[in-house]
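J.: Next up is a structure, given as structure tokens.
Values quoted throughout were computed directly from the atomic coordinates according to the rules given, and no laboratory measurement underlies them. For clarity, every value in this text was computed on a predicted model and none was experimentally measured. As a convention, Cβ positions derive from the backbone with ideal geometry for all residues, glycine included, and neighbour counts pool all protein chains shown.
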Amino acid sequence: MIAHVGKASRSKRDRPLWSRDSDMRMLVSRLRGHETLVEEHCPGALAELEQLRSASRPGQADWPGWCWLPTSVSDQVAMRRCRPGVAEQVQLGIGEVMAFIGAWRQGKSIYRVSPEFAEQLHATSLPDALPGDVLLQLPEWCAYVALRPIPGVVGAYVRLDWDREASRPVLGLLFDMATEAEPEKGLLVSLDVPLDHPSLSSALSELLAEADGVPCDPSGGVPTLARAARPFVDLALYLCSMDADIVSKQRNGVRPHRASTPSPDPCVLDVGYRVADLLRGATSSDRVQALSSHSSPSPHMRRAHWHTYLVGKGSRRDPSTARRELRWVHPTLVGAGDLVPVVRHLR
């Protein structure tokens, strides 16, 4: 009897923490459904993508090393693997989805963003001179971001892609959409943000301009989704920034990385986990007044901003030899007196 209880307790202890959250269990089930969808339409396609990836030479003659697999390759696999009778246009759509799912399976990371942090991040203006190639430092092959910027969007897959025809990098967004009538079912719609522009702001502006010329469709409207792309771009930039506030409750010390093999289980990472607590406290007017040690200047939040640092040997004397590192400077509470951190040591 004692041994039976011990086994049960170990089994419960080994369960991932996200399994205790009903919303996260539903989301994980939803993402697994996307994998199943690809396999149902193209049996063995994901395994073939793995073989093509391992046999390729990314970063040399095939495609850049920061891209797990271009969509053009997954399109070819879809054309070969799709079941008979599937229209060519549908095959290309499946090929595009397959490229996202194949890359996401390597780490199976789900990024959960607190509403307070997402609001502050989205309110941060993009510098006009911020180049799009900063996003080439995305630490994952593909990340699923659980964010609802507009009704109907549950989240989005975010990954780097290489447009072979135009020979340019793009940031691919695959929106995971659901309707109120059937929330368990979904629709996957993709958008590409070109990264070869002089600045990321101009790339987003072009995306909006192109979308405005496309009529809305029953799935939610391409122009609407183009405007919803900015929050996911903001989050992708934050993942690329130094000292990003990312915590995994599931496995301590886990950091985003480009995995070399498919992950067996999803890993949930909380973005802005520590900063969100500070934002919740600092935005409370009562708390700000309580922390204030003087009347002038009045306590207020200094807005967050992006900052690019030049680092590397000789960066001060010759900026052309420097390496650029992007950092997001967190919102700062000013004019509220000195805040003394309290450190508690727990056994």
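J.: Which whole-Hz couplings ³J(HN,Hα) result when phi for each residue of the stretch 195-209 is put into the Karplus expression 6.51 cos²θ - 1.76 cosθ + 1.60, θ = phi - 60°, listed in order with x for Gly and Pro?
T.: Once θ is set to phi - 60°, the couplings for the stretch 195-209 become 10, 9, 7, x, 8, 5, 4, 5, 5, 5, 5, 5, 4, 5, 5 Hz.
J.: Under the rule of at least 5 residues apart or a separate chain, name every residue whose amide H is placed under 5 Å from the amide H of ASP163.
T.: ARG168, VAL170
J.: Specify which residue in the list LEU200, LEU130, PHE175 is farthest towards the positive end of the charge dipole of the stretch 19-273, using unit charges on the beta carbon of Lys, Arg (+1) and Asp, Glu (-1), about the Cα centre.
T.: PHE175
J.: How much length would be gained if the chain were fully extended between SER202 and ALA259, taking 0.36 nm per residue of separation minus their Cα-Cα distance, in nm to one decimal? Could you put the intermediate results ahead of the total?
T.: Values: separation 57, 0.36 × 57 = 20.52 nm, distance 3.16 nm.
The span from SER202 to ALA259 would gain 17.4 nm if fully extended.
J.: Mind checking the log10 I(q)/I(0) for the stretch 19-273 at q = 0.08 Å⁻¹? Debye, one equal scatterer per Cα, no solvent, two decimals.
T.: Evaluating at q = 0.08 Å⁻¹ gives log10 I(q)/I(0) of -0.29.
J.: Ok, one more. From the phi of every residue in the stretch 72-89, what ³J(HN,Hα) in whole Hz does the Karplus formula 6.51 cos²θ - 1.76 cosθ + 1.60 yield, where θ is phi - 60° and glycine or proline is x?
T.: Each residue's phi maps through the Karplus curve to give 4, 6, 5, 4, 5, 5, 5, 5, 7, 9, 4, 5, x, x, 7, 4, 4, 5 Hz.
J.: Ordered by packing density, taken as the mean number of other Cβ atoms within 10 Å over each peptide's residues, highest first, how do 186-197, 25-36, 90-101, 231-242 rank?
T.: Details: 186-197: 18.3, 25-36: 15.6, 90-101: 22.7, 231-242: 20.8.
Listed from highest to lowest mean packing, they are 90-101, 231-242, 186-197, 25-36.
J.: Consider a paramagnetic label point 7 Å from the Cα of GLU35 along Cα→Cβ; state which residues of the stretch 94-137 have an amide N under 11 Å from it.
T.: Residues 102, 104-109 fall inside that zone.
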